[in-house]
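Here's the structure, in structure tokens; my notes come after.
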């Protein structure tokens with residue numbers, strides 16, 4: 001099955017001499033025993049399972065929303081637990097520093113006064129309405145879905161911090177459910193860390209945001225037409241909380257209520273999956289029906305907790321991202337555990353000149369987009385596209401950053417009747433409240449075509465289950481009293 | 001707690017599921033009946049249109065009244081808002097926005113039913129293929145309701161869904177009685193005639209009425225006098241124990257309404273429905289009397305639906321401070 005398999009860069013399952021990495025050995029052995037036909041049969045079974053379970057995402061094409069079955073590749077991506085433990089600490093370190101930053105920016109602004117982060121770059125995403133607010137635990141960003149990538153030499157970088165409404169965690173959980181069904185035997189022979197604690201940990205954090213005992217909690221969704229609606233519904237269900245739309249909410253005297261069949265019932269915590277500026281039409285965009293009038297007032301009065309807090313978007317900016325290592329040093333007095341991808345700031349004159357001279361080698365990103373929109377991959381772009389982006393950079397240098405084109409690592413992926421390398425990234429989810437939690441692994445996204453670096457599901461990318469394998473764990477003795485009934 | 005918006009979807013989930021099962025059952029039994037009837041008895045597939053209340057919609061879309069056309073219209077036509085494929089799709093949309101409240105297996109079952117119906121209704125051209133599909137649809141709806149009944153907490157979400165099911169069920173029973181029983185009484189013999197003088201096909205048709213409401217066996221257990229028109233009508237309207245009788249549906253709805261948040265107008269409308277149902281003299285057995293009676297019951301059902309809609313689904317559009325503070 002893997003004869004002739006060759007990656008042009010770092011491969012997650014095989015080392016550069018083509019031998020399975022220790023943490024992937026059991027998996028590779030099992031796959032070779034199965035053979036390609038059996039593997040293809042199981043892939044088909046997995047797809048049928050996904051369709052029947054209605055695991056879907058919505059794509060928009062020519063104004064029509066189409067509910068698509070979630071694209072899933074059966075061969076998992078494997079990470080050694082020892083490496084993961086280090087990354088986990090690094091992710092929490094990062095989110096803690098970012099929270100210090102948001103709190104500082106809406107409070108005394110020490111970091112700006114000290115000149116560590118230039119004042120002029122917090123212009124986008126900064127909401128004056130949030131100044132002086134005091135969220136519980138002084139935490140603003142409770143949920144973060146960072147994108148990690150691994151370069152040719154094996155170094156793992158943080159590519160982006162997604163702090164607004166990162167999605168994908170439901171697919172991470174569903175991928176595991178599917179994999180357990182099709183590869184049940186593999187879970188018996190080795191120690192693969194479970195992933196299903198996430199909804200419970202999220203619920204605890206949300207619950208801790210309200211001073212009231214047994215608070216009423218809701219997931220605020222933009223509605224059925226949102227591409228991540230499946231996830232909103234999934235999380236509400238897994239946590240046993242309400243799934244709320246803007247029209248279900250009403251605010252009276254700075255207290256938020258739900259319209260229920262029993263009349264109005266107070267709501268204490270909203271896990272909002274709508275962007276900052278859609279939360280409250282009386283404060284932000286008057287045309288938005290996704291939030292509800294008065295929510296900001298209820299939040300500021302401390303009667304309603306919102307996660308992530310309004311205003312968090314100030315740190316979800318690719319230019320602000322370039323300062324996160326400085327934030328870690330400034331607030332925590334530590335060195336960053338996971339490095340940033342080296343990034344050129346077009347707002348800086350020297351960087352900008354360099355970027356314009358090397359467009360064809362770089363990846364150009366607009367600072368405030370997400371979901372892969374607006375990105376120009378230099379080596380794959382036409383000369384017209386490069387000329388266009390050069391013009392845009394010149395007219396709005398604040399709006400762009402550039403990074404070297406990384407050779408994202410690969411994982412063997414089933415393509416029709418053979419296995420071939422595909423580039424991947426990894427989106428773990430980090431939670432922060434009174435304490436912190438990181439998912440065991442995360443959502444591995446995989447590019448569809450050979451050589452492609454685009455992994456976004458909205459752009460045709462797929463996904464894989466991610467295994468954190470503990471190669472040092474000893475198998476339990478046969479009569480182990482723990483685990484199971 | 002149950003959001004008004006979600007309650008609306010759960011209520012319609014109940015209605016659409018019951019409607020889908022009823023439609024599949026009625027289509028299946030009509031086919032069974034046609035197989036039994038002699039070839040010289042004129043096949044009348046258009047009673048299916050009358051039962052589903054789609055005679056006018058149909059006439060706009062089709063010229064003939066053949067079995068194939070009518071079945072296509074009822075099962076596969078996406079231009080017919082009450083076709084099987086549209087009803088199952090609507091149920092799926094209802095559950096898509098309320099699936100966080102029901103067992104996961106309920107969603108999977110409905111999703112599979114949806115894939116089946118979308119995939120198969122358009123090209124089941126033979127009777128046997130159609131009958132097999134109807135069997136699967138009925139079984140699948142029953143499986144789904146079994147999952148809801150067996151695994152859902154008896155909270156407002158479950159009650160609202162049940163309320164929709166019971167109302168739709170009572171509605172279907174009255175529609176079948178209106179069209180099929182009314183027709184049979186108009187054309188058939190009078191009850192005074194001894195059974196030996198009656199057409200052998202009349203019994204078959206009365207049995208068909210019972211079968212499409214899944215009530216044949218229970219009727220036979222409840223009576224020792226054999227199938228006869230007025231007894232069937234009484235059974236389907238007034239039997240307190242048969243789950244398909246209008247009386248039983250009202251009983252169930254009343255219990256649900258007592259446990260749901262109190263709305264005086266709702267219980268009033270339900271009791272109003274019951275008194276309309278009871279206001280029938282036992283001697284009223286003519287086709288015209290039956291039809292008038294069933295019409296009054298249907299009007300009362302419709303007004304119950306409207307007060308449910310107003311009472312639960314548009315709650316809080318005018319937030320009252322007093323109501324808000326007390327919760």
Tensor-based shape of region A:187-330 (alpha-carbon gyration tensor, a/c under 1.5 rounded, otherwise prolate or oblate): oblate
Point-to-point label distance, residue A:326-residue A:181, nm (Cα→Cβ direction, 7 Å offset): 5.0 nm
Other protein chain Cβ atoms within 10 Å, averaged over every residue that makes up B:97-103: 5
Cα gyration tensor category, rounded, prolate or oblate, for region B:67-151 with a/c compared to 1.5: prolate
Where only C-alpha atoms are counted, convex hull volume of the protein assembly as shown per residue in Å³: 204 Å³
Residues B:73, A:284, sorted so that the one with the fewest Cβ neighbours within 10 Å comes first: A:284, B:73
Calculated FRET value between residue B:275 and residue A:67, using beta carbons and R₀ = 51 Å, to 0.05: 0.65
Sorted by Cβ neighbour density within 10 Å, fewest at the top, the residues A:429, A:101: A:429, A:101
Helical contribution to [θ] at 222 nm, DSSP H n ≥ 4, -39,500 (n - 2.57), averaged over chain B, rounded to 500: -21500 deg cm²/dmol
Region B:1-79 versus region A:256-296: alpha-carbon centroid distance in Å: 42 Å
Cα→Cβ-extended label distance, 7 Å offset, between residue B:217 and residue B:203, nm: 2.1 nm
Degrees between helix B:84-96 axis and first principal axis of chain B (Cα, 0 to 90, nearest 10): 20 degrees
Mean ellipticity per residue at 222 nm, deg cm²/dmol - from DSSP H runs of n ≥ 4 across chain A, formula -39500 (n - 2.57): -8500 deg cm²/dmol
Anisotropy class of chain B from Cα gyration tensor, a/c 1.5 cut: oblate
Chain B: angle of helix B:264-278 to the longest principal axis, Cα-based, in degrees nearest 10: 10 degrees
Gained length - residue B:234 relative to residue B:155, 0.36 nm times residue gap less alpha-carbon distance: 25.1 nm
Degrees separating the helix B:229-238 axis from the principal Cα axis of chain B, which is the longest one: 0 degrees
Residue exposure sequence - A:224, A:74 - by fewest surrounding Cβ within 10 Å: A:224, A:74
Region A:62-117-region B:148-172 distance, computed between alpha-carbon centres (Å): 43 Å
Within region A:11-26, backbone nitrogen closer than 20 Å to the virtual label 7 Å beyond the Cα of residue A:153 toward Cβ: A:11-12, A:15-17
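FYI, it's all coordinate maths here, none of it is from the lab. Remember, it's a predicted structure, so these values are computed and weren't measured experimentally. Cβ: placed from backbone, ideal geometry, glycine included. Neighbour counts: every protein chain shown.
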